[in-house]
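K.L.:
Here's a structure for you.
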Amino acid sequence: MSKIKIISDSTADIPKNLQEELGIEVFALPIIDGDKEYLDGVSITNEEFYKILEESDKLPSSSRVAPGSFTDAYHKAWQEGYTDLIYVCLNSKGSSTYQGAVLELEDFYDENPQARDAIRVHIIDSKTYSMAYGYGAVIGARMAKEGKSADEVVAAIKDWIDHSRILFVPLNLKCVKKSGRVSAAAAFVGDALGLKPVITFEDGESKVISKIRGEKKVIGEMLRMVNEDREPNSPYMIVSGSNMEMYGKFRDKVYETMDVPPACEYPIGCIIAINAGANVLGIIYRR
């Protein structure tokens, strides 16, 4: 019988209550702001980081999960008798964390050859961000608790990732412009015209799929796009930022118009906020 450990990283934005309830281990990515360094979600809260973003002239940056973290996790899981460890990882095109996990696995097996037949490690490159892959870890952890096999769990996680889509709309283009998610020229024109980009990720790359003219139209247009594309009665998540007044309107409209309530509501995490800004609305759903 499989004994399965699920791990992920802080860019998945998995709420703390779900981490604790399902036993999902989450590695915190470092955040560098000038001469200060924080651990995402550990030594700084999302709300504290939103304030830093608002006041900072230079965009903070993030780094990969600390070297050695995966080796320690692999060794601990092996010693604790797990047959399978599944790491649901952030986009390999946006971070070297995935490559670090792969390299440390090779080193772990080289140093512990007897572990090769004892524990299988599955490293899943999500090619996306936030709960577009974090919810896959949640699905996998629930299935593991139900006694499903590791192959079934991995297949279900990959199925969610393959069909999930994230849409986020920055209501202020400051961070998006600095991060390069939208070109500086396009961001300038967008600000001048009141255009709000709708951004998603395809095969690990960010893509502007629409532009909404005026903040008042953002909620209606976002939900129109989701309802045209989403699998009916499937789980979805809604994402808040620093603009709680706008989020309140968004949330009310979601509950009023969607066929089922959201599976999860959560604040955008620090790593995503670096690129999207804190003044943002988001929704993640199954296509």
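K.L.:
In region 59-95, which residues are of a type in the set (G, A, S), out of contact with any helix residue (DSSP H, G or I) (no Cβ under 8 Å at 6 or more places or on another chain) and modelled with pLDDT under 95?
P.N.:
Within region 59-95, S63, A66, G94 qualify.
K.L.:
Residue check: is E256 of a type outside the set (V, I, T) and assigned to a helix (DSSP H, G or I)?
P.N.:
Values: of a type outside the set (V, I, T): yes; assigned to a helix (DSSP H, G or I): yes.
Yes.
K.L.:
Look at region 16-56 and say how many of its residues are in contact with a helix residue (DSSP H, G or I) (Cβ under 9 Å, 6 or more places away or on another chain) and either in the same structural domain as G269 (by TED's automatic domain parsing) or assigned to a loop (DSSP other than H, G, I, E, B) (or both).
P.N.:
Counting residues in region 16-56 that are in contact with a helix residue (DSSP H, G or I) (Cβ under 9 Å, 6 or more places away or on another chain) and either in the same structural domain as G269 (by TED's automatic domain parsing) or assigned to a loop (DSSP other than H, G, I, E, B) (or both) gives 7.
K.L.:
Take A66 and decide whether it is among the aliphatic types (A, V, I, L, M) and surrounded by fewer than 17 Cβ atoms within 10 Å (Cβ to Cβ). Break it down into steps so the answer makes sense when it comes.
P.N.:
Values: among the aliphatic types (A, V, I, L, M): yes; surrounded by fewer than 17 Cβ atoms within 10 Å (Cβ to Cβ): yes.
It is true that A66 is among the aliphatic types (A, V, I, L, M) and surrounded by fewer than 17 Cβ atoms within 10 Å (Cβ to Cβ).
K.L.:
Mind listing whichever residues of region 138-174 are surrounded by fewer than 24 Cβ atoms within 10 Å (Cβ to Cβ), under 30 Å from G194 (Cβ atoms) and touching a Leu at 6+ places or on another chain (Cβ under 8 Å)?
P.N.:
Residue satisfying the conditions is L171 alone.
K.L.:
While we're looking at this one, here's another question. Counting only residues that are surrounded by fewer than 13 Cβ atoms within 10 Å (Cβ to Cβ) and under 11 Å from A278 (Cβ atoms), how many does region 35-47 have?
P.N.:
Within region 35-47, residues that are surrounded by fewer than 13 Cβ atoms within 10 Å (Cβ to Cβ) and under 11 Å from A278 (Cβ atoms) number 1.
K.L.:
Give me the pairs, please: first residue somewhere in region 160-188 and aromatic (F, W, Y), second residue anywhere and assigned to a strand (DSSP E or B) and modelled with pLDDT of 80 or more, beta-carbon distance under 6 Å, and either six or more positions apart or on two chains.
P.N.:
F168/I199; F168/V280; F168/G282
K.L.:
Checking the condition over 21 Å from P262 (Cβ atoms) and touching a residue at least 12 places away in the same chain (Cβ under 8 Å), which residue from I52, I24 passes?
P.N.:
Numbers: I24 fails: over 21 Å from P262 (Cβ atoms).
Answer to the selection: I52.
K.L.:
Being touching a residue at least 12 places away in the same chain (Cβ under 8 Å) and surrounded by fewer than 20 Cβ atoms within 10 Å (Cβ to Cβ) is the filter here; which residues of region 101-123 pass it?
P.N.:
Residues satisfying the conditions are V102, L105, D107, N112, A115, A118, R120, H122, I123.
K.L.:
Right, here's the next one. Restricting attention to region 85-98, does a residue exist that is part of a loop (DSSP other than H, G, I, E, B), closer than 30 Å to S234 by Cα and aliphatic (A, V, I, L, M)?
P.N.:
From region 85-98, those part of a loop (DSSP other than H, G, I, E, B) are 90-96; that's our starting set.
Remaining after also requiring closer than 30 Å to S234 by Cα: 90-95.
With the extra rule that they be aliphatic (A, V, I, L, M), the set shrinks to 90.
Within region 85-98, one or more residues are part of a loop (DSSP other than H, G, I, E, B), closer than 30 Å to S234 by Cα and aliphatic (A, V, I, L, M).
K.L.:
Restricting to region 239-259, what's the tally of residues that are in contact with a strand residue (DSSP E or B) (Cβ under 8 Å, 6 or more places away or on another chain) and of a type in the set (V, I, T)?
P.N.:
Counting residues in region 239-259 that are in contact with a strand residue (DSSP E or B) (Cβ under 8 Å, 6 or more places away or on another chain) and of a type in the set (V, I, T) gives 2.
K.L.:
Going residue by residue through region 124-137, is there one that turns out to be farther than 26 Å from I199 by Cβ, in the same structural domain as S61 (by TED's automatic domain parsing) and not in a helix (DSSP H, G or I)? Step through it out loud before you land on a result.
P.N.:
First, the residues of region 124-137 that are farther than 26 Å from I199 by Cβ: none.
The answer is no; no qualifying residue exists.
The values are calculated or read from the model by the stated rules, or taken from the named source; none is laboratory data. Keep in mind that what you see is a predicted model, and the values were worked out from it rather than measured. Ideal geometry is used to build each Cβ from the backbone, glycine not excepted, and the neighbour counts take in all protein chains shown.
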